[in-house]
1. Which of the residues spanning the stretch 51-66 are in contact (Cβ under 8 Å) with a residue 24 or more places away in the chain and either surrounded by 16 or more Cβ atoms within 10 Å (Cβ to Cβ) or touching a Pro at 6+ places or on another chain (Cβ under 6 Å) (or both)?
2. Could you check how many residues of the stretch 65-111 are more than 13 Å from GLY35 (Cβ to Cβ), in contact with a Gly (Cβ under 8 Å, 6 or more places away or on another chain) and outside any loop (DSSP other than H, G, I, E, B)?
3. Which of the residues belonging to the stretch 67-101 are surrounded by fewer than 19 Cβ atoms within 10 Å (Cβ to Cβ), more than 13 Å from the chain's Cα centre (by Cα), free of Cβ contacts under 8 Å to residues at least 60 places away in the same chain and under 16 Å from ILE31 (Cα atoms)?
4. Just wondering, is there one or more residues in the stretch 36-47 that are assigned to a loop (DSSP other than H, G, I, E, B), polar (S, T, N, Q) and at pLDDT below 95?
5. What tally of residues in the stretch 24-58 results from selecting those that are more than 11 Å from the chain's Cα centre (by Cα) and among the hydrophobic types (A, V, I, L, M, F, W, C)?
6. So which pairs qualify, if the first residue must be in the stretch 1-22 and closer than 19 Å to ARG102 by Cβ and of a type in the set (S, T, N, Q), the second must be modelled with pLDDT of 95 or more and outside any strand (DSSP E or B), the Cβ gap must be under 9 Å, and the two must be at least 6 apart or on different chains?
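The values are calculated or read from the model by the stated rules, or taken from the named source; none is laboratory data. Being a predicted model, the structure only gives us computed values, none of them experimental. Positions of Cβ are generated from backbone atoms using ideal geometry, with glycine treated the same way; all protein chains shown enter the neighbour counts.
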Amino acid sequence: QVQLVESGGDLVQAGGSLRLSCAASGTIFSISTMGWYRQAPGKQRGLVATITRGGNTNYADSVKGRFTISRDNAKNLVYLQMNSLRPEDTAVYYCKVAVMARHYWGQGTQVTVAS
């Protein structure tokens, strides 16, 4: 089993920044892709950004140029640096990792951007 714990969510003013962290623990041999997803009230959960073990990244169009995903393979950590935050970025942000062809989700962390 793999456990994920996200942190870093907060209330921030529009234009501000936050850094989310996700720590993976448990029976981990090798984490392949790590990613962040978000779900706003009344909307489906959607991709924010992903990063492969080799460092290849993919971003949703809505966050390109504002958000940066990174990871620490030695510590099984993934980060999401969020800059120039907008009210529409308000959502619960979830970490997701792929381990041995199985996917695991964190419990989510709330990000609220006030206008």
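1. The initial filter retains those residues of the stretch 51-66 that are in contact (Cβ under 8 Å) with a residue 24 or more places away in the chain, namely 51, 62-63.
Residues satisfying the conditions are ILE51, VAL63.
2. Number satisfying all stated conditions: 4.
3. Once the filter is applied, which keeps residues that are surrounded by fewer than 19 Cβ atoms within 10 Å (Cβ to Cβ), more than 13 Å from the chain's Cα centre (by Cα), free of Cβ contacts under 8 Å to residues at least 60 places away in the same chain and under 16 Å from ILE31 (Cα atoms), the stretch 67-101 yields ASP72, ASN73, ALA74, LYS75, ALA101.
4. The first filter runs over the stretch 36-47 and keeps only residues assigned to a loop (DSSP other than H, G, I, E, B), leaving 40-45.
The next check asks that each one be polar (S, T, N, Q); those that pass are 44.
Next cut, at pLDDT below 95 only: none.
No.
5. Of the residues in that region, 5 qualify.
6. Note: pairs meeting the criteria are GLN3/GLY106.
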